[in-house]
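First comes the structure, then the notes that go with it.
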Amino acid sequence: MPSPYTHSKTLTTTITTRLIKTPLLLLSSFFLLYLLYRTHISPSLFTPTITSSLSTPTTTTTTSIHHLVFGIASSSRSYPKRLSYIHTWFKPYLTRGYVFLDRIPNDTLTSPFPIPTIISKDTSKFPYTFPRGLRSAIRVSRIVKELVDLNLSDVRWFVFGDDDTVFFTENLVKMLSKYDHNKWYYIGSNSESFDQNTNYSFDMAFGGGGFAISYSLGKVLAKVLDKCLMRYSHLYGSDSRIFSCLAELGVGLTHEPGFHQVDMRGSLFGMLSAHPLAPLISLHHLDNVEPIFPGMNHSQALDQLLLAVKVDSERILQQTVCYDHSKSLTISISWGYSVQVYEGNQLLPDLLPLQRSFVPWRRSVNVYSNPFMFNVREYSKYPCKRPAVFYLENVFSKANEIQSNYKRQFVKNCVQNGSLENLEEIVVFSQKLDLDIGKLQAPRRHCCDVLNLFDTKTKVLIRQCGDEELIAMDP
């Protein structure tokens, strides 16, 4: 038989256990009732939050062309002439956007596919006092508001440009993917012309080069734009008005060098053969410069560039330099456009400034001055003193490799001896460039190797540089 002491101990333990369990059970019951109560009055604790139209959605997918909406400034007069430029980049059923007109054009339009158009609203209530300016600047500036007010779904970026702006949309999407559209961003670039920037602003996105406004900023700007415009009757252009109203909101320009206003005249060879280390986003004013490929009209020359864009958009115009020590040659490649071959050792930093093949936008400016926003170097007026130049002939991809072929532009009455005398073609091999956000934020130029050098043809391979590799001619 158990002793009385054992029985007493067991009884004491049981009572103690019950005394502990009872409050725990009461506390658990109270907590469950509390949760049920909270669930009833606040379902958001247990179900996903439903985002209202005024709140900022959470990004869960990569930015694509579908997330961009374009607002293109045009007029009934210019639209028929410049529609072909829009056709080069606006893809039906893929690109979203509208062309804004003052009225329906009188001319019959020949178009392979329709592009949505909107007749801008009346702007007669807004003052315009700039001497000899164009009142249409007010209408064009309000494109921002009219586009935002359409309340289109699934928009991350509003992009604006002129009817003669050529956008490289794949690169534009990739560049914008660096930024959070939920934050306030105003992205573009100023003019290449020092004088144009002096007259307007060094921190303004020039509209012809195009600019992007994040969805969150666009919604706010649309609400205050009309009130803001009343204060800026004295300004010349639409882009000045947008810049001023964004400045009042406290937002500055985020510079992206791939936007090109092209406030220059003459030949763009120097600019296109030494593009910044950034994706090409846009080109403007192509009717005001020489065709970018020799022996072609403007339309044919642009189509030739687009051949390479379709194969490897992100690599287009990216400059790569390599050396052939045995022949003492320097080869500078602007992928998809041109190759230049120099005799001797040309140091890389000396090849980065733009050759001055162009002249200032304003004809009154001294052509021998340097009114540009970038470093320039001499472009000899004597063709025989220039490097050998090869222009893109064709490009195609096969398996894991891209091959682009460049044919030499021979200059009459130039005598060249040595390695360059009979060289007719450069063949460049590369892989499709796919820049992730890290490479966009911290870009690095690629290297290249001369695979072989024959009398008439040279083959070159573009590749990533090694960690400690220098782009220079080995001693």
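The values are calculated or read from the model by the stated rules, or taken from the named source; none is laboratory data. The model shown is predicted, which means the values in this text are computed figures rather than measured ones. Ideal geometry is used to build each Cβ from the backbone, glycine not excepted, and the neighbour counts take in all protein chains shown. Side chains included, ligands, DNA and RNA excluded: accessible areas come from the protein's heavy atoms. Shrake-Rupley method; radii C 1.70, N 1.55, O 1.52, S 1.80 Å.
The residues of the stretch 279-324 that are of a type in the set (Gly, Ala, Ser), open to solvent by less than 10 Å² (accessible area, probe 1.4 Å) and under 21 Å from ARG356 (Cα atoms), listed by number, are SER282, ALA301. Within the stretch 162-194, which residues are open to solvent by 40 Å² or more (accessible area, probe 1.4 Å) and outside any loop (DSSP other than H, G, I, E, B)? Correct list: ASP162, GLU170, LYS174, PHE194.
Listed here are the residues, each with its yes/no results for (1) surrounded by 13 or more Cβ atoms within 10 Å (Cβ to Cβ); (2) in contact (Cβ under 8 Å) with a residue 24 or more places away in the chain; (3) in the same structural domain as TYR179 (by the TED database); (4) not β-branched (Val, Ile, Thr).
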position	(1), (2), (3), (4)
ALA399	no, no, no, yes
SER404	yes, yes, no, yes
VAL428	yes, yes, no, no
ASP434	no, yes, no, yes
CYS448	yes, yes, no, yes
PHE454	no, no, no, yes
LYS457	yes, yes, no, yes
VAL460	yes, yes, no, no
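The single condition from (1) buried (at least 21 other Cβ atoms within 10 Å of the Cβ); (2) more than 22 Å from the chain's Cα centre (by Cα) that SER244 fails is (1).
Annotation note: Cβ proximity below 6 Å between a residue of the stretch 251-262 that is at positive phi and open to solvent by less than 30 Å² (accessible area, probe 1.4 Å) and a residue that is part of a loop (DSSP other than H, G, I, E, B) and not polar (S, T, N, Q) (sequence gap 6+ or interchain) occurs for VAL262/HIS284; VAL262/HIS285. In the set (1) open to solvent by 40 Å² or more (accessible area, probe 1.4 Å); (2) farther than 30 Å from MET264 by Cα; (3) in contact (Cβ under 8 Å) with a residue 12 or more places away in the chain, LYS227 fails one condition alone, (3). The residues in the stretch 116-152 that are assigned to a loop (DSSP other than H, G, I, E, B), out of contact with any Lys or Arg (no Cβ under 8 Å at 6 or more places or on another chain) and among the hydroxyl-bearing types (Ser, Thr, Tyr) can be counted, and the count is 2.
Taken over the stretch 89-115, the residue count meeting the criterion of being aliphatic (A, V, I, L, M) and either in contact with a His (Cβ under 9 Å, 6 or more places away or on another chain) or not in a loop (DSSP other than H, G, I, E, B) (or both) is 4. For first residues located in the stretch 170-184 and at negative phi and polar (S, T, N, Q), partners that are open to solvent by 40 Å² or more (accessible area, probe 1.4 Å) and part of a helix (DSSP H, G or I) and lie 6+ apart or on another chain with Cβ distances below 7 Å form the pairs SER177/ILE437. Considered as a group, the residues in the stretch 325-348 that are over 15 Å from LYS459 (Cα atoms) and in contact with a Gly (Cβ under 9 Å, 6 or more places away or on another chain) include one that is surrounded by the fewest Cβ atoms within 10 Å (Cβ to Cβ), and that residue is SER328. Taking the stretch 259-346 as the region of interest, the strands (runs of 3 or more DSSP E) fully inside it that hold 2 or more residues being in the same structural domain as ASN394 (by the TED database) and within 22 Å of SER397 (Cα to Cα) are 319-324, 329-334, 338-343.
Residue pairs whose Cβ atoms lie under 7 Å apart, separated by 6 or more positions or on different chains, with the first residue in the stretch 92-107 and charged (D, E, K, R) and open to solvent by 70 Å² or more (accessible area, probe 1.4 Å) and the second part of a strand (DSSP E or B) and at pLDDT 95 or above, are ARG103/ILE119. Go through the residues of the stretch 152-166 one by one and say whether even a single one is closer than 19 Å to TYR215 by Cβ and free of Cβ contacts under 8 Å to residues at least 24 places away in the same chain. Checked the stretch 152-166: at least one residue is closer than 19 Å to TYR215 by Cβ and free of Cβ contacts under 8 Å to residues at least 24 places away in the same chain. Tallying residues that are open to solvent by 40 Å² or more (accessible area, probe 1.4 Å), without any contact (Cβ under 8 Å) to a residue 24 or more places away in the chain and under 16 Å from HIS234 (Cα atoms) within the stretch 115-133 yields 4.
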